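For reference, the structure discussed in these notes is given below.
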Amino acid sequence: MKNSAVKVCNLRKVYAGNSGGTAALDGVSFDAEEGEIFGLIGPDGAGKTTLMRIVATLLLPDSGTAEICGFDAARDCRRIRQIIGYMPGKFSLYQDLTIEENIAFFAKVFGVRKEDGIGYIEEIYRRLEPFKKRLAGRLSGGMKQKLALCCALIHRPKLLVLDEPTTGVDPVSRQEFWDILQNMKKIGISVLVSTPYMDEAARCDKIAFISSGKILKTDSPQNIVAAFPKKIFRASGGKMFELLKALRGSGLAESAYSFGDSCHIVPKGGAGVEDLKKCFQSSAGNFSVAEASATLEDCFMELNSGERNRS
């Protein structure tokens, strides 16, 4: 059995001033093993950043425990900071220093030779090297992301803690970033990453869906999708608003959500394709309906809906 890279148990955090004492984290528990990419998946306000800051020893929980590579986050913060690389959601490097100067600074902070550090992160650094004299503040979003990752890796950490690292980054840079994470895993670095993107969730070894400070489910993406218990239909047409309005007023749909140029429907009361077609004929114009496979988005919406109904 593998050791834990991150193990949290019943974490709770309430920020002063929250209306009614709403908890940012409300009894969060999970176990991320060494050598895996573990994703925290949820929308804005779910509690992801609070949890990442606790793991990075920047914030103390009100109750509960967090162990990072076997060290207690509350008692052993100095030791933990030497063995993790942390990349916050907002770019936080020195914007008036160049790429080269930022890397040199972080190498010195962690007590490593810049040359040794660059040798370790060569795969990423060679994409930055042609621009090494450019100020960090003048880099594109994708370049800033790669620079921040270089600085987080310069000291060869055991664990990478990445808080929504690809938000606002172009699709090509997002793809490159996740390719880099897969390579980091191959050399033994554990990764804890938060993201609101389901395509990124699918690239993790294990994920935890989080909403309103609570973990809804933890498993591999494949197992979560395979366990979806209901039928799904996919409907598409030129009048999406009318399509959804007809669905929600028909009594045929347990749930109906827009997914790009189509919508996914969880039928109610044994409704099938023909029932849905009759519903749309008078109100939705041209359309198509077919049974579909569940996605991670469907799983999250179903779990989140179940949690709201219990609250």
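Computed from the coordinates by the stated procedures, all read-outs in this text should not be read as laboratory data. On a predicted model such as this, the values are computed, not experimentally measured, just so you know. Ideal geometry is used to build each Cβ from the backbone, glycine not excepted, and the neighbour counts take in all protein chains shown.
Side notes on the structure shown:
- Subset of the range 108-134 (residues that are touching a His at 6+ places or on another chain (Cβ under 9 Å), among the aliphatic types (A, V, I, L, M) and not in a helix (DSSP H, G or I)): V112
- Checking each residue in the range 121-171 for being at positive phi and under 18 Å from the mean Cα position of the chain (by Cα) picks out E164, G168.
- Looking only at the range 91-120, and only at residues there that are under 27 Å from the mean Cα position of the chain (by Cα) and of a type in the set (V, I, T), the one that is nearest to L149 (Cα to Cα): I103
- The range 156-175: number of residues that are over 15 Å from M143 (Cα atoms) and touching a strand residue (DSSP E or B) at 6+ places or on another chain (Cβ under 7 Å): 8
- The criterion of at least 2 residues that are hydroxyl-bearing (S, T, Y) is met by the following strands (runs of 3 or more DSSP E) wholly inside the range 1-73: 63-68.
- Counted residues, the range 110-131 - those being more than 21 Å from I83 (Cβ to Cβ), surrounded by 15 or more Cβ atoms within 10 Å (Cβ to Cβ) and not hydroxyl-bearing (S, T, Y): 3
- Of all residues assigned to the range 256-275, none qualifies as being under 30 Å from F30 (Cβ atoms), in contact with an Asp or Glu (Cβ under 8 Å, 6 or more places away or on another chain) and not in a strand (DSSP E or B).
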